[in-house]
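**Student:** Attaching a single structure in structure tokens format; questions to follow.
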Amino acid sequence: MDAFTTHTGTAAPLRRSNVDTDQIIPAEFLKRITRHGFEDALFQAWRQDPEFVLNRPEYHGVSILVAGPDFGTGSSREHAVWALQDYGFAVVLSSRFADIFRGNSGKAGLLTALVDQDVIEQLWTLVEADPSTSITVDLDAQTVAAGDLTATFEVDPYVRWRLMEGLDDVGITLQNEHLISEFEGSRPSFKPTTVG
Amino acid sequence: MGRTLAEKVWEDHVVRRAEGEPDLLYIDLHLVHEVTSPQAFDGLRASGRVVRRPDLTVSTEDHNVPTIDIDKPIADPVSAAQVDALRRNCAEFGVPLYSLGNVEQGIVHVVGPQMGLTQPGMTVVCGDSHTSTHGAFGALAFGIGTSEVEHVLATQTLPLKPFKTMAITVNGALPEGVTAKDLILAVIAKIGTGGGQGYVLEYRGEGVRGLSMEGRMTLCNMSIEAGARAGMVAPDETTFAYLEGRDRAPKGAEWDAAVEYWRSLVTDDDAEFDAEVVIEASELSPFVTWGTNPGQGAPLSATVPSPDDAKDEVERVAIERALDYMGLTAGMPLRDITVDTVFLGSCTNGRIEDLRAAADVLRGHQVADGVRMLVVPGSARVRLQAESEGLDQIFLDAGAEWRGAGCSMCLAMNPDKLAPQERSASTSNRNFEGRQGPGGRTHLVSPQVAAATAVTGHLASPADLANA
Ligand code: SF4
């Protein structure tokens, strides 16, 4: 996982609340056997509509999603996070996230930044007026800045630490690799192996 | 204060403990199958990591494989892709794999014990909830999710918060004709499908001591249906006798050292459980489910319950829904329920002893007209063993189908399925709506009841055949 300190990019306004994981990625994609390549599945039903925000040329190349409240409700599928990342999103801003989605995001390295709804409204106005507006999300300072607007956001301290260090669960455990090796050295020799 | 069996095994695997953080536990054995592993391997690949201990990892193909024509390509493209991915991943990462056609292939929870890989005092994980099966040996064994599979592949450890402990004590020996399956169905009916949530269950008492390893595996297997993370039985002479001489069991001086350690794996007299449930064995009889979760069960001699019997509104609605889905009328005797399919198999009851028990009932009888009976050994070795004992012939003579190893009709992920509204007596572990095929109706039963039901065409116990 890459370390995350600040991120600057353009944003897509998603003026909807209660976007559940079925809308983020429909269940049929859960049959796939890869962890990547879900970009086409993201918001699949809505993407049929040429007017949907991600289909509009002025929002091509966005990396920040400015979403309505209660983003990521529904099932626990980690695919929802993978699909957002595969599409190119590094940050989702919302005034309320579903817990499991937020947990999954933290593990996978997608920043879910919690801001007040009036900040969301201001950002929507800004990026709708000028889709090329550049937004900077500073994880160290916990601020989001665009044009004249600067606002603070909330993020779980542990998730923030992990993102800034660029650590996933495996990475965190491997910081204690010497302890694992030590433990292995003391395992009884009668324990079975699957080869040889 | 003394420690429980689960606590002892846990303590022996702590790699790292830090205030306010989960313990990092070492994993002795990681079982892998085709359904929950592809994304884990893909994750390793994406981050340039390797499998830390391929020699503590083993994989087999079970959920998606057909149980007839196994030499032909798998027809369903999704199933074929999962199996293909497993083969490629195991080759790339050096993980041993028992593919369809190999003598060690079979349901992951049948394969581990029969190879002697599952031993007392181990930590065993698999991306599958019925990993609890392996607890029958006094191992701490539980199911994990796909991101945890990746974590174990990469580090051979898991960060975990301790579980609570619950004792399930069975007083007295099981009466004649009562099996481990009847016992566990009765336990789940008693504590409910959420009754074990957050707990490791330890089965103890005379009724458990008297069970064979196969019976103990059936018991631990369905701990998950009571909501528990794991089930365990303390190892004893029965355990050691089962393990001695198996392919992967310790030999010579190693065996002696192992047994000495294993003997220490019992709950201390002064240990305290967080909860305790007591079952009187003398009150048990053959048990079957009538509803759509494993807690909706009753003695075979009972009648289908009525929504009016419910203790609250939630239960009333649940009973109503279940009766509607199952196409049953309140008050009808369970024995009057007719079936068109009997499934003998799965990681709950697909071991050699289960096949022997069913064959004993079937010997000299015929499967009733209009009933099809699938006999699906849990592993290729179980199949061979059964054939060497002539059990296949008993099943075939009775008119049952003798098939290859796999999960088969336990879940609708391979060609063996119920059609809508078809009704089965099944020795598997889940009777959820659509579990054996969309619209299919499932009654969970023991192998003995399955065989007797096949003969009569309605839910029945072997005693009913003798009386007929
Ligand atoms: S037999 Fe059934 S419960 Fe067991 S592993 Fe296979 S699908 Fe799961």
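**Student:** Taking the criterion of being touching a residue at least 40 places away in the same chain (Cβ under 8 Å) and farther than 20 Å from A:Glu58 by Cα, would at least one residue in the range A:82-93 satisfy it?
**Tutor:** Taking every residue of the range A:82-93 in turn, at least one turns out to be touching a residue at least 40 places away in the same chain (Cβ under 8 Å) and farther than 20 Å from A:Glu58 by Cα.
**Student:** Turning to a different aspect of this structure: Could you tell me whether B:Ser223 is outside any loop (DSSP other than H, G, I, E, B), under 30 Å from B:Asp464 (Cα atoms) and within 16 Å of the ligand (Cβ to nearest atom)?
**Tutor:** yes
**Student:** Sticking with this one: Can you pull out every residue in the range B:226-256 that is within 14 Å of another protein chain (Cβ to nearest Cβ) and outside any helix (DSSP H, G or I)?
**Tutor:** Scanning the range B:226-256 gives B:Pro235, B:Glu244, B:Gly245, B:Arg246, B:Asp247, B:Arg248, B:Ala249, B:Pro250, B:Lys251.
**Student:** Oh, and also: Give B:Ala80, B:Ala85, B:Ala6, B:Ala18 a once-over and let me know the one that is surrounded by fewer than 24 Cβ atoms within 10 Å (Cβ to Cβ), more than 10 Å from chain A (Cβ to nearest Cβ) and of a type in the set (Gly, Ala, Ser).
**Tutor:** B:Ala80
**Student:** Do we have any residue at all in the range B:29-36 that's of a type in the set (Ser, Thr, Tyr) and within 11 Å of another protein chain (Cβ to nearest Cβ)?
**Tutor:** Within the range B:29-36 (the criterion being of a type in the set (Ser, Thr, Tyr) and within 11 Å of another protein chain (Cβ to nearest Cβ)), the answer is yes, since at least one residue qualifies.
**Student:** Among the numbered conditions (1) under 25 Å from B:Val266 (Cβ atoms); (2) surrounded by fewer than 24 Cβ atoms within 10 Å (Cβ to Cβ), tell me where B:Gly177 comes up short.
**Tutor:** B:Gly177 satisfies every listed condition except (1).
**Student:** Still on this structure, I have one more. Scan the range B:345-360 and tell me whether some residue there is in a loop (DSSP other than H, G, I, E, B), at pLDDT 95 or above, more than 14 Å from chain A (Cβ to nearest Cβ) and more than 16 Å from the ligand (Cβ to nearest atom).
**Tutor:** Our first condition is that a residue be in a loop (DSSP other than H, G, I, E, B); within the range B:345-360, this holds for B:345, B:350-351.
Still in the list and also at pLDDT 95 or above: B:345, B:350-351.
Subset that is more than 14 Å from chain A (Cβ to nearest Cβ): B:345, B:350-351.
From what's left, more than 16 Å from the ligand (Cβ to nearest atom): none.
The answer is no; no qualifying residue exists.
**Student:** Say we look at the range B:126-137 and pick out the residues that are in contact with a strand residue (DSSP E or B) (Cβ under 6 Å, 6 or more places away or on another chain) and modelled with pLDDT of 95 or more; which of these is farthest from the other protein chains (Cβ to nearest Cβ)?
**Tutor:** Across the range B:126-137, the extreme among qualifying residues is B:Ser132.
**Student:** Can you name the residue in the range B:144-187 that is within 14 Å of chain A (Cβ to nearest Cβ) and among the hydrophobic types (A, V, I, L, M, F, W, C) and, of all such residues, is nearest to B:Gly227 (Cα to Cα)?
**Tutor:** The qualifying residue nearest to B:Gly227 (Cα to Cα) is B:Ile144.
**Student:** Something else: Condition check: more than 15 Å from B:Thr123 (Cα to Cα), touching a Gly at 6+ places or on another chain (Cβ under 6 Å) and crowded, with 24+ Cβ neighbours inside 10 Å. Does B:Leu185 satisfy that?
**Tutor:** Working: more than 15 Å from B:Thr123 (Cα to Cα): yes; touching a Gly at 6+ places or on another chain (Cβ under 6 Å): yes; crowded, with 24+ Cβ neighbours inside 10 Å: yes.
Considered against the rule, which asks whether it is more than 15 Å from B:Thr123 (Cα to Cα), touching a Gly at 6+ places or on another chain (Cβ under 6 Å) and crowded, with 24+ Cβ neighbours inside 10 Å, B:Leu185 comes out as yes.
Per-residue answers, yes or no, for (1) surrounded by 20 or more Cβ atoms within 10 Å (Cβ to Cβ); (2) within 13 Å of the ligand (Cβ to nearest atom):
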position: B:Leu391; (1), (2): yes, no
position: B:Ala398; (1), (2): yes, no
position: B:Ala405; (1), (2): yes, yes
position: B:Asp416; (1), (2): yes, yes
position: B:Pro420; (1), (2): no, no
position: B:Gln436; (1), (2): yes, yes
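**Student:** Right, another one. Checking the condition more than 16 Å from the ligand (Cβ to nearest atom), out of contact with any Cys (no Cβ under 8 Å at 6 or more places or on another chain) and modelled with pLDDT of 95 or more, which residue from B:Gly101, B:Gly112, B:Gly121 passes?
**Tutor:** Unique residue meeting the criteria: B:Gly121.
**Student:** Another one. Within the range B:57-64, is there a residue that is within 14 Å of chain A (Cβ to nearest Cβ), away from the ligand (no atom under 16 Å from the Cβ) and modelled with pLDDT of 95 or more?
**Tutor:** yes
**Student:** Right, here's the next one. Only one residue in B:Thr133, B:Thr146, B:Thr218 is more than 19 Å from the chain's Cα centre (by Cα), among the polar types (S, T, N, Q) and within 16 Å of the ligand (Cβ to nearest atom). Which one? Lay out the reasoning, then the answer.
**Tutor:** Values: B:Thr133 fails: more than 19 Å from the chain's Cα centre (by Cα); B:Thr218 fails: more than 19 Å from the chain's Cα centre (by Cα).
Exactly one of B:Thr133, B:Thr146, B:Thr218 is more than 19 Å from the chain's Cα centre (by Cα), among the polar types (S, T, N, Q) and within 16 Å of the ligand (Cβ to nearest atom), namely B:Thr146.
**Student:** Still on this structure, please answer the following. Would you check if there is a residue in the range B:286-302 being surrounded by 18 or more Cβ atoms within 10 Å (Cβ to Cβ), within 14 Å of chain A (Cβ to nearest Cβ) and in contact with a Gly (Cβ under 8 Å, 6 or more places away or on another chain)?
**Tutor:** The answer is no; no qualifying residue exists.
**Student:** With touching a Pro at 6+ places or on another chain (Cβ under 6 Å) and over 27 Å from B:Thr57 (Cβ atoms) as the only criterion, which of A:Arg160, A:Arg96 stands out?
**Tutor:** A:Arg96
**Student:** Still on this structure, I have one more. Can you tell me which residue among B:Asp397, B:Asp392, B:Asp369 is acidic (Asp, Glu) and under 24 Å from B:Tyr98 (Cα atoms)?
**Tutor:** B:Asp392
**Student:** Take the residues of the range B:132-158 that are without any contact (Cβ under 8 Å) to a residue 40 or more places away in the chain and over 30 Å from B:Val259 (Cβ atoms): which is surrounded by the fewest Cβ atoms within 10 Å (Cβ to Cβ)?
**Tutor:** Among them, the one singled out is B:Glu148.
**Student:** Determine whether B:Thr239 is within 16 Å of the ligand (Cβ to nearest atom) and either hydroxyl-bearing (Ser, Thr, Tyr) or surrounded by fewer than 24 Cβ atoms within 10 Å (Cβ to Cβ) (or both).
**Tutor:** Here the answer is no, as B:Thr239 does not meet what is asked.
**Student:** Sticking with this structure for a sec: Could you please let me know if B:Ala81 is in a helix (DSSP H, G or I), aliphatic (A, V, I, L, M) and more than 29 Å from B:Arg204 (Cα to Cα)?
**Tutor:** yes
**Student:** Here's another thing I want to ask about it. Residues of the range B:57-77 being under 19 Å from the mean Cα position of the chain (by Cα) and under 15 Å from B:Arg87 (Cβ atoms), which ones?
**Tutor:** Of everything in the range B:57-77, those that are under 19 Å from the mean Cα position of the chain (by Cα) and under 15 Å from B:Arg87 (Cβ atoms) turn out to be B:Val58, B:Ser59, B:Thr60, B:Glu61, B:Asp62, B:His63, B:Asn64, B:Val65.
**Student:** Could you grab the pairs with beta carbons closer than 6 Å, sequence gap of 6+ or different chains, first residue in the range B:257-270 and facing another protein chain (nearest Cβ under 10 Å), second one crowded, with 16+ Cβ neighbours inside 10 Å?
**Tutor:** Every condition considered, the pairs that remain are B:Ala257/A:Phe190; B:Ala258/A:Phe190; B:Ala258/B:Pro250; B:Val259/B:Phe240; B:Trp262/B:Pro120; B:Trp262/B:Pro235.
**Student:** Do we have any residue at all in the range B:111-119 that's among the hydrophobic types (A, V, I, L, M, F, W, C), part of a helix (DSSP H, G or I) and closer than 30 Å to B:Gly245 by Cβ?
**Tutor:** yes
**Student:** Hey, another quick one. Collect the residues in the range B:160-195 that are in a strand (DSSP E or B) and modelled with pLDDT under 95, keeping them in residue-number order.
**Tutor:** Matches in the range B:160-195: B:Leu160 only.
**Student:** A further question on this structure: In the range B:38-56, what count of residues is obtained for those that are part of a loop (DSSP other than H, G, I, E, B), facing another protein chain (nearest Cβ under 9 Å) and either modelled with pLDDT of 95 or more or within 25 Å of B:Gln119 (Cβ to Cβ) (or both)?
**Tutor:** Selection size over the range B:38-56: 3.
**Student:** Also, quick follow-up: Inside the range A:115-133, can you point out the residues that are of a type outside the set (Asp, Glu), loosely packed, with under 14 Cβ neighbours inside 10 Å and touching a residue at least 12 places away in the same chain (Cβ under 8 Å)?
**Tutor:** A:Gln117, A:Ser132, listed by residue number.
**Student:** Among the residues of the range A:144-156, count how many are surrounded by fewer than 17 Cβ atoms within 10 Å (Cβ to Cβ) and more than 16 Å from the chain's Cα centre (by Cα).
**Tutor:** 6
**Student:** Next up: Just a yes or no: is a residue in the range B:5-25 closer than 30 Å to B:Ala275 by Cβ, more than 22 Å from the chain's Cα centre (by Cα), among the β-branched types (Val, Ile, Thr) and part of a loop (DSSP other than H, G, I, E, B)?
**Tutor:** no
The values are calculated or read from the model by the stated rules, or taken from the named source; none is laboratory data. The structure presented is a predicted model; accordingly, all values stated were derived computationally and were not measured. Note that we place each Cβ from the backbone using ideal geometry, even for glycine, and neighbour counts take in every protein chain shown.
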